[in-house]
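Undergrad: The structure is given below, and queries will be raised subsequently.
The values are calculated or read from the model by the stated rules, or taken from the named source; none is laboratory data. All values reported here derive from a predicted model rather than from experimental measurement. With ideal geometry, Cβ positions are generated from the backbone for all residues, glycine too; neighbour counts draw on all protein chains shown. The protein model used for the area step is the full one, side chains on, heavy atoms only, and it has no ligands, DNA or RNA in it. Shrake-Rupley method; radii C 1.70, N 1.55, O 1.52, S 1.80 Å.
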Amino acid sequence: MTEREENRERDAPEVTDDGPSMEDLEKAAEEAAAAAESGGRISEALALKTKEAAEAQEKYLRTYADFENYRKRMQRDLADFRKYANEQMALELLPVVDHLGLAIKHAADAGVPNDALMQGVELVHKQFRDVLEKFGVKPFKAEGEPFDPAKHDAMMQVETADAPENTVVQVLQDGYHYHDKVLRHAKVGVAKKPAVKEESTE
């Protein structure tokens, strides 16, 4: 054997058949356990944060829905306020319209000869009603309609066979709508069946 071969054989690492030591195995097991524990804590933290995010999202959606409902309700209230802002004034003006109508009726019944005056009063009466109608105040038909306590005030009963019972047969004061609500009930007379006369027997 040459000197070079001897040196190579001497410098080569010693190969043994022994596996990893017990100490190495324990250290590896501890590291694996620590890694598993750390991974478990991360999973728990992630699950907690996911739950918190879901709760926050749900709270946000509820708050947003409440806000939207509030905004829509305020818009409806404001629209209703604008729509019905003149209700009290319109109600105060209706007696003026009534009196003008009565003046025209009484003058016609009495045969007042002053046609120019009558035409002037009729014109003012029409203008009044046109202005009220422009702002949503309109009379509604009552005569010949079935009695409706939501629209009519029954002032008297009228015995008649010419109309079904509980039908409006006389209008004492016109009723008015203000947009889609009743501003003033109509004062009416309501039909009832005539009393049956008992025949006298001899």
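Undergrad: Among (1) of a type outside the set (Asp, Glu); (2) in contact (Cβ under 8 Å) with a residue 60 or more places away in the chain; (3) open to solvent by 100 Å² or more (accessible area, probe 1.4 Å), where does residue 117 come up short?
TA: (2)
Undergrad: Here's a follow-up. Return the total of residues in the stretch 141-184 being in contact with a Gly (Cβ under 9 Å, 6 or more places away or on another chain) and polar (S, T, N, Q).
TA: Adding up the residues that qualify gives 3.
Undergrad: Across the stretch 143-202, what is the number of residues that are farther than 30 Å from residue 89 by Cα, assigned to a strand (DSSP E or B) and of a type outside the set (Val, Ile, Thr)?
TA: Result for the stretch 143-202: 4.
Undergrad: Within the set of pairs 6 or more residues apart or between chains, which connect a residue that is under 16 Å from residue 182 (Cβ atoms) inside the stretch 129-152 to a residue that is open to solvent by 90 Å² or more (accessible area, probe 1.4 Å) and among the basic types (Lys, Arg) with Cβ atoms less than 8 Å apart?
TA: 132/138
Undergrad: Among the residues of the stretch 129-160, which ones are under 30 Å from the mean Cα position of the chain (by Cα) and open to solvent by less than 50 Å² (accessible area, probe 1.4 Å)?
TA: 132, 136, 137, 140, 152
Undergrad: A follow-up question, please. Got a sec? Which of 108, 103 is surrounded by 15 or more Cβ atoms within 10 Å (Cβ to Cβ), assigned to a helix (DSSP H, G or I) and not charged (D, E, K, R)?
TA: On the way: 108 fails: surrounded by 15 or more Cβ atoms within 10 Å (Cβ to Cβ).
Within the list 108, 103, the selection yields 103.
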